[in-house]
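Worksheet: one structure, shown below.
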Ligand code: FES
Ligand SMILES: [Fe+2]
């Protein structure tokens, strides 16, 4: 069911009242209002999403000068391109004349971006190359009308963007996971497959679902058979301890098990969450595949299978789950009050050849399967929370700890964070 979510007596004052009430109930799920209020949704974009670091793509997707891809967030669109000098850039896809999008196709290669409306022409670095007959306007200087740039940070081939011109750099925070993430040499990795699931539910429901593994045992039979995260830590501590004890020697990567956790209100910078933990797979599983056997050559600097998987968060809504032979990136992006893009990107080692070294169906099997299960439960969740009879219950304190952290950041951000100044 697709909801036309509306709160009929909504206002910025009501939003602040609802935040104050919700803050009195820490540890509880949030009220239906936050999934139906258009005021809340707009302010989420202004104060949270557009001020956060978001995964936008990988350098291997735009290898040649002039290559680009589009990244759509809310009602906005950002061009991620490699300019003619080879530099990776992020540009607002909004003509500086009267605002038409200058680029329509999702991916491609361009020498210039030509606005379809009145034909202004932009270089791939965003500068205005030609504006027909505008020389008749006294004082018109093309240098004043470049496509607006978007903040961009590159980390190990991962492209992160932030629409807030005043945002702090994300790179110092990401440095904390350089050792364990470096194991996979993502700079030279290859995108084996990429898929976007457009889910008819509010982005917070999709994100909250990823943030907790309380549902793993009940909703993900295949995942739960392989990954120890489905259990309370104390029940699987011996499996994780044994894996961590052998991890460095087996993988050949120093500090591969190094933990880091700075999430949400605890993050070094606003919208710049960073975390890593390595947890164990159950016996018999070397990787997240159907039969537990490798499905691709070892990634980057990895030298063996330690029975572990690296679990990462980068920014409030981007994650990675890295097996020794392939990595899965997960990203959540709001596209409307009841629409979310869940994007998955599967990476394999840069020189692996499809059909020879790996079979895409085998690499993607587990997380395609698991994502369909997630979509199913998120839609059921959306139906329930949109009911006027929904009364939020308490989070499970261990499994849903990060969801609690997210909600605290969410409420604090809507209450106190400044709106973006474009
Ligand atoms: S809106 Fe782009 S040229 Fe007029
Ligand atoms: Fe799930």
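The values are calculated or read from the model by the stated rules, or taken from the named source; none is laboratory data. None of these values were measured; they are calculated from a predicted model. Cβ sites come from the backbone with ideal geometry, for glycine too, and all protein chains shown count toward neighbours.
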message: Anything in the stretch 91-108 that is farther than 13 Å from residue 80 by Cβ and either within 16 Å of ligand 2 (Cβ to nearest atom) or exposed (fewer than 14 other Cβ atoms within 10 Å of the Cβ) (or both)? List them, or say none.
response: 98, 99, 104, 105
task: Looking only at the stretch 335-355, decide whether some residue is at pLDDT 95 or above and in a helix (DSSP H, G or I).
output: no
- request: Evaluate the following for residue 103: is it within 16 Å of ligand 1 (Cβ to nearest atom), under 30 Å from residue 403 (Cα atoms) and outside the structural domain of residue 188 (by TED's automatic domain parsing)?
  value: no
task: Provide a single number: the residues in the stretch 77-86 that are closer than 11 Å to residue 126 by Cβ and either within 14 Å of ligand 1 (Cβ to nearest atom) or within 23 Å of the chain's Cα centre (by Cα) (or both).
output: 2
- prompt: So which residues in the stretch 362-385 are more than 12 Å from ligand 2 (Cβ to nearest atom) and either touching a strand residue (DSSP E or B) at 6+ places or on another chain (Cβ under 9 Å) or in contact (Cβ under 8 Å) with a residue 24 or more places away in the chain (or both), if there are any at all?
  reply: 362, 363, 364, 365, 368, 379, 382, 383, 385
Candidates 18, 23, filtered to the one that is exposed (fewer than 14 other Cβ atoms within 10 Å of the Cβ) and touching a helix residue (DSSP H, G or I) at 6+ places or on another chain (Cβ under 6 Å): 23
query: Only one of these conditions is not met by residue 68: (1) touching a residue at least 40 places away in the same chain (Cβ under 8 Å); (2) assigned by TED's automatic domain parsing to the domain that holds residue 147; (3) within 16 Å of the chain's Cα centre (by Cα). Which number is it?
result: (3)
- request: Could you please let me know if residue 60 is surrounded by fewer than 20 Cβ atoms within 10 Å (Cβ to Cβ), more than 16 Å from ligand 1 (Cβ to nearest atom) and touching a residue at least 40 places away in the same chain (Cβ under 8 Å)?
  value: yes
message: Is it the case, given these coordinates, that residue 395 is touching a strand residue (DSSP E or B) at 6+ places or on another chain (Cβ under 6 Å) and crowded, with 19+ Cβ neighbours inside 10 Å?
response: no
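Report whether or not residue 32 is crowded, with 18+ Cβ neighbours inside 10 Å, touching a helix residue (DSSP H, G or I) at 6+ places or on another chain (Cβ under 6 Å) and either over 17 Å from residue 391 (Cβ atoms) or in contact (Cβ under 8 Å) with a residue 24 or more places away in the chain (or both).
Numbers: crowded, with 18+ Cβ neighbours inside 10 Å: yes; touching a helix residue (DSSP H, G or I) at 6+ places or on another chain (Cβ under 6 Å): yes; either over 17 Å from residue 391 (Cβ atoms) or in contact (Cβ under 8 Å) with a residue 24 or more places away in the chain (or both): yes.
When the stated conditions are applied, residue 32 passes them.
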- prompt: Could you say whether any residue in the stretch 191-200 is in contact with a helix residue (DSSP H, G or I) (Cβ under 6 Å, 6 or more places away or on another chain), modelled with pLDDT of 95 or more and at positive phi?
  reply: no
